[in-house]
1. Assess whether A:Pro189 counts as being out of contact with any Phe, Trp or Tyr (no Cβ under 7 Å at 6 or more places or on another chain), surrounded by fewer than 18 Cβ atoms within 10 Å (Cβ to Cβ) and closer than 30 Å to A:Asn57 by Cα.
2. Might you check whether a residue that is surrounded by fewer than 23 Cβ atoms within 10 Å (Cβ to Cβ) and more than 7 Å from every other protein chain (Cβ to nearest Cβ) occurs anywhere in segment B:104-117?
3. For A:Ile173, which of the numbered conditions (1) without any contact (Cβ under 8 Å) to a residue 12 or more places away in the chain; (2) more than 11 Å from chain B (Cβ to nearest Cβ); (3) more than 20 Å from A:Pro56 (Cβ to Cβ); (4) in a helix (DSSP H, G or I) fails to hold?
4. Looking at segment C:1-98, what helices (runs of 4 or more DSSP H) fall wholly within it and have at least 2 residues that are exposed (fewer than 13 other Cβ atoms within 10 Å of the Cβ)?
5. One residue is enough: does segment C:152-171 have a residue meeting the conditions of a type outside the set (S, T, N, Q), over 25 Å from the mean Cα position of the chain (by Cα) and within 27 Å of A:Asp221 (Cβ to Cβ)?
6. If you go through segment D:230-259, how many residues are at pLDDT below 90 and closer than 22 Å to D:Trp192 by Cα?
7. Kindly indicate whether any position in segment A:115-135 is in contact (Cβ under 8 Å) with a residue 24 or more places away in the chain, in the same structural domain as A:Pro44 (by TED's automatic domain parsing), among the β-branched types (Val, Ile, Thr) and in contact with a Lys or Arg (Cβ under 9 Å, 6 or more places away or on another chain).
8. If C:Gln236 passes every condition in (1) among the polar types (S, T, N, Q); (2) out of contact with any helix residue (DSSP H, G or I) (no Cβ under 6 Å at 6 or more places or on another chain); (3) over 30 Å from D:Gly25 (Cβ atoms) but one, which one does it miss?
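The values are calculated or read from the model by the stated rules, or taken from the named source; none is laboratory data. Not measured: the values here are computed from a predicted model. Glycine gets a Cβ as well: all are built from the backbone with ideal geometry, and neighbour counts include every protein chain shown.
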Amino acid sequence: MKDRLKLVVFLTVIAFIIQATVAFAQSEGETADSVISEQPVTPPPKPVIVSGEDIPNDNGHKLKLNWEYPAEWNDSIVRFEIYRADSPDGDFRRLGEAAGGIFSYLDIGSKKKDDPNYMPNDQNLYYRVDAVSKSGVTVQSEIGGPFQTSGQWFHKGKVPVLIGVVLFAIFTIYFIRSARKGKDLYIRPLAGIEAVDEAIGRATEMGKPILYVLGIGGASDIATIASFTILGRVAKKVAEYQTALTVPCYDPIVMSVAQDVVRSAYLEAGRPDQYSDDLVFFVTNAQFAYVAGINGIMVRDLPATNFYLGYFAAESLILAETGNSIGAIQIAGTDQITQIPFFVVACDYTLIGEELYAASAYLGRDPLLLGALKAEDWGKAIAMVLIIVGVLATAFGWDAFREFLRVNL
Amino acid sequence: MKRRVPLAMVFIVSLFMVIQYFVPLDSLAWMYQYLLDWTIIIGVFALLLGIWSLWHVSYGKIKQRAENWQYSIVTLAGLFIMIISGFIPGWGNLNNYVYEHLFYYVLVPIQATMFSLLAFFISSAAFRAFRARSILASLLLFAGLVIMLRFVPMGPVSTVVADLAGWILRVPNMAAKRAIIIGIGLGAMATAFKIMFGIERSYLGRD
Amino acid sequence: MNAGKLLSYIILAIVVIAFVVSIALKGFLVTVGAFLTLFIFSFLYKDNPYYKFAEHLFVGASAAYWMSMGFWKTMVPNLFGKLYPPMVAWAVPALKNNPAQPLMLIPLVLGILLLMRLSSKAGWISRWALAFIVGTTAGLNLVRYLRSDFIQQINNTVFSLYVTNASGFDLGATISNVIIFGGVICGLIYFFFSKEHKGAFGAGARTGIIVLMITFGASFGYTVMARISLLVGRMQFLFGDWLGMIR
Amino acid sequence: MNIFEKMVGLDRRWVFLFLFVVVTGAYFFRNSFSVNVTTTREVRSIYDFVENLDPGSKILISFDYDPSSLAELHPMSRAILMQCFRKGVRVIGVTLSQYGAGMVEEAFRKFGSEADSLYNTHVEYGKDYCFIGYRPYPGFVILGMGENFRIFFPRDYYDTPLDDLPIMQGVRNYDDIEGVIAITSGTTADMWVIYGNARYNMPLALGVTGVMATDYYPYLGNAIFGLIGGWKGAAEYEKLIGEKDAATAGMPAQVAAHLTIVLFILIGNIGFLLSRRSKKTGN
């Protein structure tokens, strides 16, 4: 995640630089061609450092150095070498090189003090550019500077995200408050949720256990957290009906949380004595070993009902098909878009994407959770409005709307 | 203590994570890196809990002579051989003969074979579920068949099938995936919000 | 001795003989890999002792594998190596001169708190560690999903419905774009929870589910290819690497 | 239970057995079958694109995968390279995958010498192709190459300055080449679309794994002009260049498997519809 953010910041930076460079290089090229076309024999001229710009929307430690150089020399310069020091008469350190014909350099310094490439923020920096010609002659520029870099307090490219967060917060708080006041909120039925009671009842009648699989997500995956809530409701019912429950886990932290959830559910149902940590146990955290283990549990314990709710990858179909072969009722749900088709095909009920998150509100009927559900619907309404308005705007050739929605990272 | 501290901790940590997204300063990035590092380390501690649970369940089965208890011995054997070969001092880089060979000649083949079972299960699932029971099921069946038939040489019809397959993948496929993704985005945000503000607290248990 | 038992002994004998012959002819390691492959495949017929053996071995060995990996690749360099570098210098010499980072005591403490759950009295304290992990990613997910799954997708759907190409108006592409636009809107309608699916709204939701079903069928159909490739890969191992029948 | 009900309730193990026999058989006798692969527009457009280039024109091929996806993606890489070498189209190679460099370097040499023996060409490094190596931060590199290859790659994989390679002379950025084909197994596909095509608008085509393919169809026609998905796409390409290799060898097994599945779906449906009808008439 961190890497990705960093990368995106880099990308914006380079895009800026690149465009500036191109504009610059092109304007140079146009004027130069007509002036001199023959190879000059005089020694190459000095590069002239023009500016050092701090890169916006970052943590500092980056500077774009621009210099000028007569374009007629483009062909005879092999490269420019870039040097930096913290004082004009200090020790200049070689940073890197730019090919001939390129007149800017992005100096990405280190933010670590002990790194030789350390580049302090808000302090004077001095640069030197050496032009190296084909014949091996090196010409040093005058020292450029002082330039400074600094970190920013807010990333301006992320304004749409900030607006989104704030709007969504307002919606959620508003609907939760109105739900608390006792305002009745309608929610449409979800087949997968309505089947939960029936599925538990069936297992009880048959005297067979219930298998609850939380998937291969970690305790912090949203799908897993949604699944914990459902597990709580299921476990409470199971405890009331005195049916057996098996929860094999992939992630040890998920196991710990699931143990807490199931234990509290049994307590709430008034049957703490029925709970033991062996109901919720760890299998292994290797994807296919986990599946092999669950397959074994299925064909040996023959559960009447299987729940697969959480984060799933390729194993989804192996589980669902094995579960089907033992004749279990299967209720599945995941936010992994590539696996939804397999659950839809092989299970009796499937909660598609967002329905999995909504399930906790359905099962609990807690006004707080229902309020949040209403806020989600408003989010969808906004998405629809934005799309429709955006399409209309594009039809009339008004691109500013689309530009606004672009998140610059 | 039992509930307030964790809830406060969730709020503070998650708020920090949101803020650091918008503020590109060094000090925040420094903290952010620490937080991510810590999460991973705590995760490894948790593995001990996992191993304990595996041992506990397997040992329990053996002790009680539960059904198939003999196989639990196999599990524990695999566990201990792998742990011992993975932990012998001086072999810290994991370049240990037993460890490596167990990985390449035991774990890898089983894993690849488990994965390849999907070829069979995808066939049986198609056979069983691709039935024209209702309009929706027929649509599923139809789209699936078109995509699969693009493999099958059928003379001039093949081109039509290939074009239709391409269209399905380009148009309805795109529309549906976008709608699902937008929904997931909203749901995930809402859940994250509920966790942040302690509305969703099932993961903390109840007592 | 009944017939079933007799049969299982015969099979066992065959497996053992084949195993020994294979070791003699093809070598130990490839034989182990091949027999484990066959054991797993046997699950397709039904559950049996050979599958049980492979399954249990796989579970135990893989759990320990990740444990060792986690210890050497995370605990040693990221925890001990940062807390007190000389402690792990023998294993990871590169870390020797790094400064000690006392802040790494925090994950150590949280990790130990997590282990407290094995005690029945102080188990509740492990939730502090859980809260830390859940909190970290909740905040992270909030902005991540908003950006990539919400704003980005809306932005992608904002396009011109009316399409032209070199020869003027492009009817086919225009129809396709209209379908995409309508499909996204109807798909979103399907996911509405707090409004009854009736009337025009209900029609939209039904259209939405139609588009979803077509997509699910198509994705399912396309994945067949990738899964068959996996099977062919295993065939290659069994008949090529092991038996040497195909090159 | 009548025959139709039996068809509906067929034990899935028959499906397994049949599939196993068919796939094994097709793979064993893969050389005795010739599968007539139907070529699709999205693959053909890449073939036509290369075929319509003049000898001496240049394209960039980015091999963004590592040995773990080699089996699925190498066949298409080979097919495209063979076509280029045969046509005399010059190839600038790059990889944005951390563990890809060694593999790509080897692939170039291997396919180059194969082309030499098959088409009697003399594929030469620096003239007919070059490999400029790997740099981290793929999105960054894609944008940088849009300005000048030399920003990130002052020297090639073998440390020769780019300007010393005949093929790179006069090549500054995407404007000086005919197009880009990215063969990728991961997120770089998105980056090529977002940072490459969206910003620099060069012709872009993608080669991806079978599981990824459905996600990139939506880009066809706007951001990318062609798409090769998994073995099927590679086999189509091999057919187009008339040069059958690994992907074609896998096709009999693929076709047989797909046919088997379609066949069972038909059996299931016929049984289902007829048994429903016979029940109705029975009532």
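1. The answer is no for A:Pro189.
2. Yes, that holds for at least one residue.
3. (2)
4. Values: elements: C:3-26, C:28-41, C:49-70.
Answer list for segment C:1-98: C:3-26.
5. Within segment C:152-171 (the criterion being of a type outside the set (S, T, N, Q), over 25 Å from the mean Cα position of the chain (by Cα) and within 27 Å of A:Asp221 (Cβ to Cβ)), the answer is yes, since at least one residue qualifies.
6. 2
7. yes
8. (3)
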